[in-house]
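Mind having a look at this structure? Questions to follow.
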Amino acid sequence: TEPRDRALLWVLLHGLRAREVEALNLEDFDGQRVHVKEAKDDSVGQVPLLPEAIETLEVYLNFRRCWGEVVEPESPLFLSESNNSKGQRLSYWGIYKVVKDLAEIAGVKDSHPHRGRHTVATEMVVRGMDPLLARQITRHKSEKSFERYSKRALQKQAEAQFLATMGEGQRIWTKLKIN
């Protein structure tokens with residue numbers, strides 16, 4: 001399952017919800033992005049993929065072709081490999097189990113599929129992406145719900161800008177003669 005699991009993690013790390021990944025078909029991957037057609041609160045849209053994600057998806061799809069699978073546009077993007085549902089669409093709980101199992105192997109505590117969504121939202125804002133554009137990529141309908149994800153990023157940015165602006169604090173406070 002390594003090719004599938006690597007591709008799955010890369011896609012999740014682009015801010016998709018597990019249910020969105022579960023619903024993806026092969027036709028939803030155009031070689032550059034995934035087209036989310038089924039989403040919470042109708043937050044459908046396109047999500048551009050980093051080159052590493054594209055590469056891992058292509059490796060996984062080639063792996064499936066090499067095993068003789070007939071790959072149709074409406075075929076699920078991710079397939080189950082479990083004994084009970086082998087070859088069927090990887091379910092939400094299958095995605096959850098893959099993430100939990102890999103996190104356990106890596107020694108990562110309290111991991112779940114939605115953690116990638118939290119991480120990417122925070123990371124985009126920390127790296128200076130306009131929050132409105134980051135919200136577009138993660139397809140958050142409301143500013144309030146996105147703020148929940150990016151709050152940590154905004155705090156980090158505020159601290160960095162404070163230190164940059166007030167960097168020579170000792171001199172400033174001495175000039176002001178604050179006692």
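The values are calculated or read from the model by the stated rules, or taken from the named source; none is laboratory data. As the structure is a prediction and not an experimental result, all values here were calculated from the model. For neighbour counting, all protein chains shown are included, and Cβ atoms are generated from backbone atoms with ideal geometry for every residue, glycine included. These accessible areas exclude ligands, DNA and RNA; they are computed on the full protein's heavy atoms, side chains included. Shrake-Rupley method; radii C 1.70, N 1.55, O 1.52, S 1.80 Å.
Once you wrap a convex hull around the alpha carbon atoms of region 24-179, what is its projected area averaged over all directions, in nm²?
Orientation-averaged projected area of the Cα hull: 13.6 nm².
When the accessible area of region 26-153 is computed with all protein chains present and a 1.4 Å probe, what percentage of it is carbon and sulfur?
About 52 percent, which is the carbon plus sulfur part of the accessible surface.
Give me the net charge of G87's neighbourhood, meaning all other residues with Cβ under 11 Å from the Cβ of G87; Lys, Arg count +1, Asp, Glu -1.
+1
Mean-square fluctuation check for the chain, GNM, Cα pairs under 10 Å: which of D28, D42, D110 is largest?
D110
Can you give the helix-only mean residue ellipticity at 222 nm for the chain, where every DSSP H stretch with n ≥ 4 adds -39500 (n - 2.57) and the sum goes over all residues, rounded to the nearest 500 deg cm²/dmol?
Working: 8 runs with 100 residues, N = 179.
Calculated at 222 nm, the ellipticity per residue is -17500 deg cm²/dmol.
Quick check for me: using +1 on Lys/Arg Cβ and -1 on Asp/Glu Cβ, what's the dipole size of the chain about its Cα centre, in debye to the nearest 20?
Its charge dipole is roughly 1020 debye.
Using a Cα-Cα cut-off of under 22 Å, which lysines could be cross-linked to K109, ignoring same-chain neighbours fewer than 8 residues away?
K97, K100, K151
Here's another thing I want to ask about it. Please give the per residue accessible area of region 1-75, computed with a probe of 1.4 Å over protein heavy atoms only, in Å².
54
How much of the calculated P(r) for region 79-145 lies past 18 Å, in percent of all Cα pairs?
Values: 1195 of 2211 pairs.
Value for region 79-145: 54 percent of Cα pairs lie more than 18 Å apart.
At a threshold of 8 angstrom on Cα-Cα distance, excluding pairs fewer than six apart, so keeping six or more, what relative contact order does region 1-128 reach in percent?
Value for region 1-128: 34 percent.
Still on this structure: Can you give me the Rg/Rh ratio for region 1-110, using Cα atoms for both radii and the Kirkwood formula for Rh?
Reported Rg/Rh, Kirkwood definition of Rh: 0.94.
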